[in-house]
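Comments concern the structure below.
The values are calculated or read from the model by the stated rules, or taken from the named source; none is laboratory data. Fair warning: this is a prediction, and the values are worked out from it, not measured in the lab. Just the protein is used for accessible areas: all its heavy atoms, side chains included, with ligands, DNA and RNA removed. Shrake-Rupley method; radii C 1.70, N 1.55, O 1.52, S 1.80 Å.
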Amino acid sequence: MRKKLFLKTLRKVPVEIVKQRTATNKKDFVKATIHCAISPGDALKMLRELQGLSQNDLAQLTGINQSNISAIEHGSRQIGRERAITLAKALHVHPAILLFPYFDMSYVA
């Protein structure tokens with residue numbers, strides 16, 4: 001029922017309006033600026049806190065000791081690929097967000 005209703009309302013919108021809303025050019029975008037560089041540990045802490053998890057909660061979800069999570073967040077231990085994958089699954093993000101939070105495309109492109 002919902003799908004039919006959606007399709008009926010979609011058909012009423014003129015094609016030109018749809019093209020206007022979806023048409024984008026490179027010049028329409030503004031380059032994002034980096035306000036502060038963060039470490040992988042800072043990214044982990046920020047994501048964990050945004051989801052309302054304590055270090056103990058995250059430890060239970062991942063099987064990684066709370067002391068290791070604390071050490072990663074404080075920068076005294078590196079996150080590593082396998083830990084990043086495990087933590088990313090628990091936090092529902094891509095592992096690259098934890099491994100490279102400071103990545104800027106202008107260095108590559």
Just the accessible area for HIS94, please: 1.4 Å probe, Å², rounded to the nearest 10?
120 Å²
How big is the accessible area of ARG48 in square angstrom, nearest 10, if you roll a 1.4 angstrom probe over the protein chains?
20 Å²
Taking only protein heavy atoms and a 1.4 Å probe, what accessible area per residue, in Å², does segment 40-109 have with all protein chains in place?
63 Å²
Which order do ILE38, ILE97, ILE72 take by accessible area at a 1.4 Å probe, largest first?
ILE97, ILE38, ILE72
